[in-house]
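Q: Below: one structure in C-alpha coordinates.
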Amino acid sequence: GANAAAQAQFRVKQNPVKMKLAVLASTLACAAAFAPSQNGVPATTALNAEASRKEFLAGAFATGAAVVAGAAPAYAIRDYDNVAFLGGSQTVDVNNANVRVYLKMPGMYPAAAGKIAANGPYKSVADIYNISGLTAKEKEIMKKYESRFTALPPSADYVIDRINNGLYR
(Lines give C-alpha, C1' and ligand atoms only; values in the text may rest on other atoms or scores of the structure.)
Protein backbone atom coordinates (compact mmCIF):
# COMPACT_ATOMS: atom_id res chain seq x y z
CA GLY A 1 0.00 0.00 0.00
CA ALA A 2 2.06 2.92 1.31
CA ASN A 3 5.34 1.47 0.02
CA ALA A 4 3.97 1.06 -3.53
CA ALA A 5 2.72 4.65 -3.51
CA ALA A 6 6.13 5.90 -2.38
CA GLN A 7 7.85 3.92 -5.15
CA ALA A 8 5.43 5.31 -7.71
CA GLN A 9 6.27 8.85 -6.59
CA PHE A 10 9.99 8.21 -7.10
CA ARG A 11 9.54 7.12 -10.71
CA VAL A 12 10.63 9.79 -13.12
CA LYS A 13 8.53 9.85 -16.26
CA GLN A 14 10.60 11.07 -19.17
CA ASN A 15 9.54 11.87 -22.68
CA PRO A 16 12.44 10.72 -24.93
CA VAL A 17 11.28 12.87 -27.87
CA LYS A 18 11.33 16.06 -25.78
CA MET A 19 14.73 15.16 -24.38
CA LYS A 20 16.15 14.55 -27.87
CA LEU A 21 14.73 17.86 -29.13
CA ALA A 22 16.23 19.73 -26.17
CA VAL A 23 19.64 18.16 -26.80
CA LEU A 24 19.41 18.95 -30.52
CA ALA A 25 18.45 22.59 -29.84
CA SER A 26 21.32 22.97 -27.39
CA THR A 27 23.79 21.42 -29.85
CA LEU A 28 22.63 23.69 -32.69
CA ALA A 29 22.95 26.78 -30.51
CA CYS A 30 26.51 25.83 -29.54
CA ALA A 31 27.44 25.10 -33.15
CA ALA A 32 25.97 28.42 -34.32
CA ALA A 33 28.24 30.30 -31.93
CA PHE A 34 31.31 28.92 -33.73
CA ALA A 35 29.99 29.08 -37.29
CA PRO A 36 31.75 31.48 -39.71
CA SER A 37 29.91 34.64 -40.73
CA GLN A 38 27.60 34.65 -43.78
CA ASN A 39 29.81 36.80 -46.01
CA GLY A 40 33.11 35.20 -45.07
CA VAL A 41 34.43 38.33 -43.30
CA PRO A 42 35.10 37.82 -39.60
CA ALA A 43 33.22 40.08 -37.20
CA THR A 44 36.09 41.96 -35.56
CA THR A 45 34.92 45.56 -35.21
CA ALA A 46 33.19 46.89 -32.13
CA LEU A 47 29.95 47.48 -34.07
CA ASN A 48 29.94 43.92 -35.39
CA ALA A 49 30.81 42.58 -31.95
CA GLU A 50 27.77 44.34 -30.48
CA ALA A 51 25.50 42.86 -33.16
CA SER A 52 26.90 39.35 -32.73
CA ARG A 53 26.49 39.62 -28.93
CA LYS A 54 22.79 40.39 -29.42
CA GLU A 55 22.46 37.44 -31.79
CA PHE A 56 24.26 35.19 -29.33
CA LEU A 57 22.07 36.26 -26.40
CA ALA A 58 18.92 35.79 -28.47
CA GLY A 59 20.07 32.28 -29.45
CA ALA A 60 21.05 31.42 -25.89
CA PHE A 61 17.68 32.60 -24.59
CA ALA A 62 15.83 30.54 -27.22
CA THR A 63 17.90 27.47 -26.33
CA GLY A 64 17.28 27.95 -22.61
CA ALA A 65 13.56 28.31 -23.20
CA ALA A 66 13.54 25.13 -25.30
CA VAL A 67 15.38 23.18 -22.60
CA VAL A 68 13.08 24.41 -19.81
CA ALA A 69 9.95 23.70 -21.87
CA GLY A 70 11.16 20.20 -22.70
CA ALA A 71 12.39 19.25 -19.22
CA ALA A 72 10.72 16.26 -17.63
CA PRO A 73 8.99 16.95 -14.31
CA ALA A 74 10.68 15.58 -11.19
CA TYR A 75 8.38 13.28 -9.24
CA ALA A 76 10.12 13.27 -5.87
CA ILE A 77 8.80 12.88 -2.37
CA ARG A 78 9.14 16.26 -0.68
CA ASP A 79 7.69 15.26 2.65
CA TYR A 80 7.83 11.85 4.34
CA ASP A 81 4.23 10.86 5.07
CA ASN A 82 5.19 9.04 8.27
CA VAL A 83 7.36 11.77 9.79
CA ALA A 84 5.15 11.88 12.90
CA PHE A 85 6.28 8.34 13.76
CA LEU A 86 9.93 9.43 13.90
CA GLY A 87 9.45 11.06 17.29
CA GLY A 88 6.82 13.73 16.83
CA SER A 89 3.95 11.70 18.27
CA GLN A 90 3.26 9.09 20.93
CA THR A 91 3.71 6.30 18.35
CA VAL A 92 7.25 5.34 17.32
CA ASP A 93 8.19 3.54 14.10
CA VAL A 94 10.68 0.82 15.12
CA ASN A 95 12.03 0.62 11.55
CA ASN A 96 12.81 4.30 10.90
CA ALA A 97 12.98 6.21 14.20
CA ASN A 98 16.30 7.30 15.65
CA VAL A 99 17.48 5.67 18.87
CA ARG A 100 17.15 8.96 20.78
CA VAL A 101 13.36 8.97 20.28
CA TYR A 102 13.18 6.28 22.94
CA LEU A 103 14.42 8.80 25.55
CA LYS A 104 10.75 9.72 25.99
CA MET A 105 10.13 6.21 27.35
CA PRO A 106 11.84 5.72 30.71
CA GLY A 107 13.87 2.52 30.84
CA MET A 108 14.12 2.09 27.05
CA TYR A 109 17.24 4.18 26.42
CA PRO A 110 20.03 3.24 25.85
CA ALA A 111 20.06 -0.58 26.12
CA ALA A 112 16.67 -1.70 24.76
CA ALA A 113 16.45 1.25 22.34
CA GLY A 114 19.92 0.54 20.99
CA LYS A 115 19.06 -3.09 20.34
CA ILE A 116 15.83 -2.16 18.55
CA ALA A 117 17.61 0.42 16.37
CA ALA A 118 20.55 -1.86 15.57
CA ASN A 119 18.60 -5.01 14.65
CA GLY A 120 15.84 -3.82 12.29
CA PRO A 121 14.06 -3.88 9.97
CA TYR A 122 11.05 -5.61 11.46
CA LYS A 123 7.99 -6.96 9.67
CA SER A 124 5.87 -6.44 12.77
CA VAL A 125 6.26 -5.02 16.26
CA ALA A 126 6.27 -8.57 17.64
CA ASP A 127 9.61 -9.17 15.85
CA ILE A 128 11.44 -6.96 18.36
CA TYR A 129 11.11 -9.72 20.95
CA ASN A 130 13.20 -12.01 18.71
CA ILE A 131 16.34 -9.86 19.05
CA SER A 132 19.13 -12.05 20.36
CA GLY A 133 20.65 -10.96 23.64
CA LEU A 134 17.53 -9.29 25.07
CA THR A 135 17.32 -9.57 28.83
CA ALA A 136 14.06 -10.29 30.65
CA LYS A 137 14.06 -6.72 31.99
CA GLU A 138 14.46 -5.27 28.46
CA LYS A 139 11.59 -7.44 27.18
CA GLU A 140 9.46 -6.26 30.12
CA ILE A 141 10.20 -2.59 29.30
CA MET A 142 9.43 -3.16 25.60
CA LYS A 143 6.16 -4.86 26.52
CA LYS A 144 5.25 -1.82 28.66
CA TYR A 145 5.52 0.48 25.61
CA GLU A 146 4.48 -2.00 22.90
CA SER A 147 1.19 -0.17 22.25
CA ARG A 148 3.23 2.90 21.24
CA PHE A 149 5.25 1.04 18.58
CA THR A 150 4.50 0.52 14.91
CA ALA A 151 6.51 -1.21 12.18
CA LEU A 152 6.23 0.77 8.94
CA PRO A 153 8.20 -0.11 5.78
CA PRO A 154 11.85 0.98 6.10
CA SER A 155 12.67 4.25 4.33
CA ALA A 156 16.28 4.59 3.12
CA ASP A 157 16.30 8.27 4.12
CA TYR A 158 15.73 7.40 7.78
CA VAL A 159 17.07 3.85 8.27
CA ILE A 160 20.59 5.18 7.78
CA ASP A 161 20.15 7.52 10.76
CA ARG A 162 18.54 5.09 13.21
CA ILE A 163 21.62 4.83 15.42
CA ASN A 164 23.43 8.14 14.81
CA ASN A 165 21.65 11.04 13.16
CA GLY A 166 24.59 13.40 13.71
CA LEU A 167 22.71 15.70 16.09
CA TYR A 168 24.67 16.45 19.25
CA ARG A 169 24.02 18.82 22.13
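Q: When the Cα centres of the range 80-113 and the range 118-167 are compared, how far apart do they sit, in Å?
A: 9
Q: Could you check the spin-label model distance between SER147 and LEU24? Points 7 Å from the Cα along Cα→Cβ, value in nm.
A: Calculated label separation equals 6.6 nm.
Q: Roughly speaking, what is the stretch gain from LYS137 to PHE61, that is 0.36 nm per residue apart minus the C-alpha to C-alpha distance, in nm to one decimal?
A: Values: separation 76, 0.36 × 76 = 27.36 nm, distance 6.90 nm.
Here the segment from LYS137 to PHE61 would lengthen by 20.5 nm.
Q: Another one. Let me check something: with ligands and nucleic acids excluded, how do PHE61, PHE149 order by accessible area (1.4 Å probe), largest to smallest?
A: Details: PHE61 155, PHE149 15 Å².
My answer, sorted largest first, is PHE61, PHE149.
Q: I'd like the accessible area for LYS139, computed on protein heavy atoms only with a 1.4 Å probe and all protein chains in place. Round to 10 Å², please.
A: Probe radius 1.4 Å; accessible area of LYS139 about 80 Å².
Q: Leaving ligands, DNA and RNA out of it, report the carbon-plus-sulfur percent of the accessible area of the range 73-169 at a 1.4 Å probe.
A: On the way: 3230 of 5880 Å².
That share works out to 55 percent.
Q: Here's a follow-up. Assuming R0 = 22 Å, what is the FRET efficiency of LEU167 and ASP81, from their Cβ-Cβ distance, to the nearest 0.05? Mind showing how you got there, number by number?
A: Details: r = 22 Å, r/R0 = 1.01.
E between LEU167 and ASP81, to the nearest 0.05, is 0.50.
Q: Moving to a separate point now. Let me check something: with ligands and nucleic acids excluded, how do ARG53, ARG148 order by accessible area (1.4 Å probe), largest to smallest?
A: Numbers: ARG53 125, ARG148 50 Å².
Reading off the accessible areas and sorting them downward yields ARG53, ARG148.
The values are calculated or read from the model by the stated rules, or taken from the named source; none is laboratory data. These figures come from a predicted structure and were not determined experimentally. Cβ atoms come from the backbone with ideal geometry, glycine included; neighbour counts cover every protein chain shown. Calculation scope for accessible area: heavy atoms of the full protein, side chains included, ligands and nucleic acids excluded. Shrake-Rupley method; radii C 1.70, N 1.55, O 1.52, S 1.80 Å.
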